[in-house]
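Working notes for the structure below.
The values are calculated or read from the model by the stated rules, or taken from the named source; none is laboratory data. Bear in mind the structure is a predicted one, so any value in this text is a computation, not a measurement. Ideal geometry is used to build each Cβ from the backbone, glycine not excepted, and the neighbour counts take in all protein chains shown. Accessible surface areas use protein heavy atoms only, side chains included; no ligands, DNA or RNA. Shrake-Rupley method; radii C 1.70, N 1.55, O 1.52, S 1.80 Å.
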Amino acid sequence: MKKGTKIYSILNKKCPLCHEGDFFVSSIYDFKYMGDVKENCPHCGLKYSKEPGFFYGAMYVAYALGVATFVTLWVSFNLFFDNVSIGWQIGSIVTSIIILSPAIYAYSKIIWSNMFVKYDGQVIGKSTKTVE
């Protein structure tokens, strides 16, 4: 995982354009600012939201992440824990999804943004680029 890849931007929660500036206002589990994205990148000045409602598309990503989490946990239970009842499996999966929901919400936004912005290592200082 090196700078210049989308995985670097996503896992480190950095600007998709320069990979330097922070993407979120605060921590993922800071409930006061949960999922709040900065207006612009503090390093390159990229405006994160192309238009009003830009991050509504991130709901599709959040849905996919939630389904992937559910399927991963369900398969893991059935492969590794044969004696666990269905009730415990469902309870564990629901609890896990509730605990992971702030992370799923935040990561869906940065994944969505990375789908529309390509890394540019030549960006220096403040620019006026918008998400394209």
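Summary table below
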read-out	value
Residues that are more than 15 Å from SER27 (Cβ to Cβ) and surrounded by 18 or more Cβ atoms within 10 Å (Cβ to Cβ), drawn from region 105-116	SER108, ILE111, TRP112, SER113, ASN114
Region 1-26 - residue that is in contact with a Pro (Cβ under 9 Å, 6 or more places away or on another chain) and not aromatic (Phe, Trp, Tyr) and, of those, farthest from PRO102 (Cα to Cα)	GLU20
Identity of the residue in region 1-27, charged (D, E, K, R) and at pLDDT 90 or above, that ends up surrounded by the most Cβ atoms within 10 Å (Cβ to Cβ)	LYS14
Tally, over region 28-43, of residues that are open to solvent by 60 Å² or more (accessible area, probe 1.4 Å), part of a loop (DSSP other than H, G, I, E, B), touching a Phe, Trp or Tyr at 6+ places or on another chain (Cβ under 8 Å) and of a type outside the set (D, E, K, R)	2
Selection count, region 51-82, where residues are open to solvent by 100 Å² or more (accessible area, probe 1.4 Å) and either under 16 Å from ALA106 (Cα atoms) or under 17 Å from the mean Cα position of the chain (by Cα) (or both)	4
